[in-house]
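Data first, discussion second: the structure below is written as C-alpha cells.
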Amino acid sequence: MSNAPGLPLPAGRSGALIRADFFQRFLAFGALIVLILFFQVWCVAIGTNFLTFENLVNILVATAVVGVLALGETFVIITGGIDLSVGTVLTISMVMTAVCITSQHLPVPVGILVGFLTGGLMGLINGVLVAHLKLAPFIATLGILNVARGLSLVLTQTRPIYFAGDNGFQSGVMGNLFGVKLSGEFGIPIIAILMFAAALFAAFLLGKTVLGRYTFALGSNEEAARLSGVNVAKWKMLVYVVCGLFAGLAGVLSAARLGSAQPATGFGLELSAISAVVIGGTSLSGGEGTILGTVIGAFIVYVLTYGLQFVNVPQEWQIVVTGIVVIGAVYIDNLRRRQRA
Amino acid sequence: MAEPLLEMSGIEKHFPGVQALVDCHFDLFPGEVHALVGENGAGKSTLMKILDGVYERDSGVIKLKGSEVDIPNTATAQRLGISMIHQELNLMPHLTVAQNIFIGREPQGRLPFVLDERALNENAAALFEKLRLHLDPRKRVSALTVAQQQMVEIAKALSFNASVLIMDEPTAALTDKEIDELFRITRQLRGEGVGIVHISHRLQELKQISDRVTVMRDGHVINTVATADATVEQIISMMVGRTIFEAAPEVPEVTNPEVVLEVRNLNRGRAIRDVSFSVHRGEIVGIAGLVGAGRTEVARAVFGADPIDSGEILIHGKKVKISGPIDAVHHGIGYLSEDRKRYGLALGLNVETNVVMASLQRFVGRLGIVRSGLTRVAAERQVQNLAIKTPSLSQRVRNLSGGTQQKVVVAKWLTADTEILFFDEPTRGIDVGAKSEIYQLLNALAHEGKAIVMISSDLPEILRMSHRIIVMCEGRVTGELTAAEANQEKIMTFATQREAAA
Ligand SMILES: Nc1ncnc2c1ncn2[C@@H]1O[C@H](COP(=O)(O)OP(=O)(O)OP(=O)(O)O)[C@@H](O)[C@H]1O
Ligand SMILES: [Mg+2]
C-alpha cells in the first residue's frame, strides 16, 4: 500500500452537488453559452436581437415544466434505470388538478396537492413494478406511460378542461415575482423561481441525503449495495416515487401555464426530459450525474427550440436538429469518459 | 477449548443442476483463524455465503454463541456480527473510499436522512489509522489499483467490528508485502478474540496464519485438522482425494528456431518503454516482474486492446498492423486477461456460448446461421479436455466457481485455435489440481507448436514453466534469462532494477 499516497484533496470535494469534475459542468455550461451566442450572431445577421429580456423570460418559462420533469428523471437515470412515463404522468396530474378545481369545486391548494400526489402514486406503481416485481424499467414505465395516457383521456372525456375565470392559481404561478414588471409586461416569472427552488431541493436530496447516496450506489454497483446490507428494493422504489412527485409538480405547473388541462399534451415530453438529463452529463449506464447538469441540459434543449423558432426555422427542422444535438452530446460525453478512463 | 463462537451442522444447499453442499459441518472458536480449502467448485464460497445471508440454506442448523439463528439476508448477518470479504470485489466505483466503507450505515446529521459527510470521512480516517493503512477516504474507488480496492474491502469488513470475519481469497490480488500487512491485521484481530475464516488456494499461507484447516471436496466437508498436525501434502491429498504428482515436469527443449512473434521498440506513454522481445514456435516465454511493471500493458498493446505510441509487431517476420483485438484474433493472437470477470467472459451467457465466442465464424453455416450442433461438440470437447466442472453446457458462467470460470476462458482461446497465446496470470485463484492441469496444458500447447507468453507474479511458476524469461520493471525490459540460468534471485534483481539505480 506504500504506493497509495494519501494526497489531500481540496476540501469540500465530496457530495454529489459538486462531485463530478469541474470540466464536465464547464462543458455543458460552455455549450449553453456558445448556443446563445450562436443565435445572437444569427439574429444580428437577419437584423434582430436575441439577447433581450423578453426572450430570456420566454425561455425561462418554456424550460420550467420540462426542467422540473428532468429533475426527477435524473434520479432514476443515475440508478441505471429509465422512466418513460414522466410525460403522461405529468398529463394525468394536470388533469387531476383541473378536475378537483373545476368540476369538484375544491379549493385550489387541494387541487395542487392532489395533482402532486397523483404523480407520486404513479411513481409508486413504477417503483413496485421495477423494484419489487423486478420488471425491466423500460417495459414497466412504458406500460405506465400508456395507462396514464389512457386514464387522462377517460377522465377528461378526451376534451380539455379550462379553468373558468381567475382563481389565483394561474396568476400565482405565471405572474411576475412580487408583481414587479421590469420591462414592459415582463418581470421575473414565478414559474422559473419555482423551477429553481425545485432544483435546489433536488440537489439537496441527491447530494446530502441518504436517498441520494443510495441512488448513486444502486447505479454504480447494485449487487455490492445489496451485499452491504442496503435495502435495495426499498430505495429503488423510493427513487421512482421521487421521480413521480417531480412529474406531478411539473403537471401542476403545466396546468397553470396552459390555463387548462390538455389530455393530449405531456406525451413526448419524457424524451425532452431524458435529453436534458443526458445532455447534462448524467450517464445512462448509471452511477454518475448532477442536478446542475440537468438544469443546464434543460436550458440547452429549450434555448435550441426557442432559438430555432425565433429565427424562423420550420418546426419540422427544429425537431431534426434537436435529435442531432442529443446524439452529439452523448458522443462528446463518451469521448470525455474514455479519455478519463 | 472454550465454547465455539459459531457452529454450522447438517448444512445442505442445492442449485439448479448442482448439489453444492452436502451435510456440511463447520465450527469456529473465538480468537482462531480457521482456514477453509478445497478445489475450485468444492463449495467453500457457498458455505460461507450461507453464513453471510447471501444464500439461504436448504436445511441444517446455524448456532451462534450457543443459540440457533436464521440469517435471511446480509443486513441480519451484519447485525449478528458476521462480516464477509467476498472473493470478487464488490465496490461501487463511482463512490469514494469512505462512502463505500460506510454504505448502508452512513452517519447522519441532526436531521434524519441528511448525511454527515465530515463524520463519514473522519470515521474512515480513524479506521485506517487503527489498521495502519494509507488510504485517502475521499478518493474515488475507480481511481484505485486492484490491490488498494482489496484493502478497501478488508477495511470495510473490519469496520463492522464483527466477531466473525470471513475472508474469501483475500490474498489473490495482493503482493507479498500487502499480504504481510493483511496477516498483521489478522493476527491483531485474532488477539482481540475475533473468529476468522480464511479461504485460500495458496497452501503455504495456511502454515503462516491458520490454527485449524477444514478441507472440502465436491460439496462435502472432508476433515478438520489442526494446522500444526498436517503437512501441505496431506492437505492436498485430502483436497483432491488422491496424491497428485507435484514434481516439476521437464521443460522440453525447443528445437524449432522459427520466430513466430517479434515485438520491436514498443512504446505507450510511461507504461511501456521501448519493449522488444520475440517468441519462437513451441516456446513458452515467461514475463516476470512486480505488480505494475507493465507486463499486462504489453500484452494488451500487442493484442490491440490499447493503442500504442510507436513500435512494430512482426508475425512470421512480416510486419502487421494491429489496431484492435479483431486484427489480433485475425492474426492468430489470443489474450487471456488477468481480470476474467471484466474482460474474459460474458458472465450472463452459458458455457457453450463463451467457449465458441472468439471463433464463432467457424461455426456459421450459410445464411449466417450458427450451427449449434458443431458449437456443442466443440464446447463438449473443451469441457472434457480441461475438466471444466459444470452441470451442463447451458449453465450460465456467472454461476460457476471462480477457478472454473478461468478454465472457460482458456477453453475459449483453445477453440479459437490461435497460434500465439498470451496468458496473463493464468493460475490466479485456481486450486492446485487445476493448476497442474493448466501447466500440463501449457506444455502440451507448446509441444503442438504454439508460441506462448505467460505473465505471472508467481516466481516458482515462471521458473517451472518458461523456456525463456523476460523480466520487466517500470515499463522496461530489464533482463532476459534462459531457463537454465534463471533463478529467483536473478529475477528479483532485474525486477527491482529501477531507473535511478540502473
Ligand atoms: N448462484 C449459483 N447458481 C448455481 N450454481 C452455483 C451458484 N453459486 C455456486 N454454484 C455452484 O456451486 C458449486 C460450489 O461453488 P463455490 O463457488 O462455493 O466453489 P468454491 O469452493 O468457492 O470454488 P473457488 O475456489 O473456485 O472459488 C459449484 O459447482 C458452482 O458452480
Ligand atoms: Mg469461491
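The values are calculated or read from the model by the stated rules, or taken from the named source; none is laboratory data. Quantities reported herein were computed from a predicted structural model and do not represent experimental measurements. Backbone-built Cβ (ideal geometry, glycine too); neighbour counts: all protein chains shown. Remember, those area values only see protein heavy atoms, side chains included, never the ligands or the DNA or RNA. Shrake-Rupley method; radii C 1.70, N 1.55, O 1.52, S 1.80 Å.
For the stretch A:272-341 versus the stretch B:143-210, the inter-centroid distance based on Cα atoms is 46 Å. Put simply, when A:33-42, A:119-128, B:50-59 are sorted by average Cβ atoms within 10 angstrom per residue, most first, you get A:119-128, B:50-59, A:33-42. Computed over chain A, relative contact order equals 33 percent, with contacts defined as Cα pairs under 8 Å that lie 6+ residues apart. Using a Cα-Cα cut-off of under 14 Å, which aspartates and glutamates could be cross-linked to A:LYS236, ignoring same-chain neighbours fewer than 8 residues away? Hits, sequence-local ones excluded: A:GLU73, A:ASP83, A:GLU222, A:GLU223. Within straight-line reach of B:LYS65, meaning a Cα separation under 17 Å, sit the following aspartates and glutamates at least 8 residues removed in sequence or on another chain: B:GLU3, B:GLU7, B:ASP27, B:GLU32, B:ASP52, B:GLU192. FRET efficiency for the A:VAL128 to B:LYS65 pair, using the beta carbon distance and R₀ = 30 Å, is estimated at 0.20. For peptide A:225-236, the mean count of partner chain Cβ atoms within 10 Å of a residue's Cβ comes to 5.
Percent of Cα pairs in the stretch B:348-417 per distance bin of 10 Å, from zero to the largest separation: 22, 57, 18, 2.
Peptide B:134-141 is shielded by partner chain Cβ atoms: per residue, an average of 5 of them sit within 10 Å of its Cβ.
Here the Karplus relation 6.51 cos²θ - 1.76 cosθ + 1.60, evaluated at θ = phi - 60°, turns the backbone of the stretch B:264-274 into coupling constants of 10, 6, 6, 9, 8, x, 8, 6, 10, 10, 6 Hz, with x for every Gly and Pro. Here's how it looks for B:THR418: its modeled amide H is under 5 Å from none belonging to a residue 5 or more places away or on a different chain.
Legend: translational diffusion of chain B by Stokes-Einstein, Rh = Kirkwood radius over C-alpha pairs, 37 °C, 0.692 mPa s; D = 134 µm²/s. Here the simple spin-label model places points 7 Å from the Cα toward Cβ, and for B:ASP327 and B:ARG187 these points are separated by 5.2 nm.
Helical runs assigned H by DSSP (4 residues or longer) give the protein assembly as shown a calculated mean residue ellipticity at 222 nm of -15000 deg cm²/dmol, each run adding -39500 (n - 2.57) before division by the residue total.
Shielding value for B:103-114 is 4, the average number of Cβ atoms from other chains within 10 Å of each residue's Cβ. Solvent-accessible area of B:GLU68, all protein chains in place: 130 Å² (probe radius 1.4 Å, heavy atoms, ligands and nucleic acids excluded). Note on B:LYS156: lysines with a C-alpha under 16 Å away, same-chain residues under 8 apart excluded, are B:LYS130, B:LYS139. A simple packing score, the average count of other Cβ atoms within 10 Å per residue, orders the peptides B:288-297, B:327-336, B:390-399 as B:288-297, B:327-336, B:390-399, with the highest score first. Would you work out which of B:SER83, B:ALA226, B:PRO72 lies farthest towards the positive end of the dipole of the stretch B:6-240, given +1 charges on the beta-carbon of Lys and Arg and -1 on that of Asp and Glu, about the Cα centre? Most positive-ward Cα: B:SER83.
When the alpha carbon gyration tensor of the stretch B:6-240 is reduced to an equivalent ellipsoid, the three semi-axes, largest first, read 31, 21, 16 Å. For the protein assembly as shown, a simple Cβ point-charge model (Lys and Arg +1, Asp and Glu -1, everything else neutral) yields a dipole of about 1580 debye relative to the Cα centre.
Taking label points 7 Å from Cα along the Cα-to-Cβ direction, B:THR496 and A:ASN334 give a separation of 4.7 nm.
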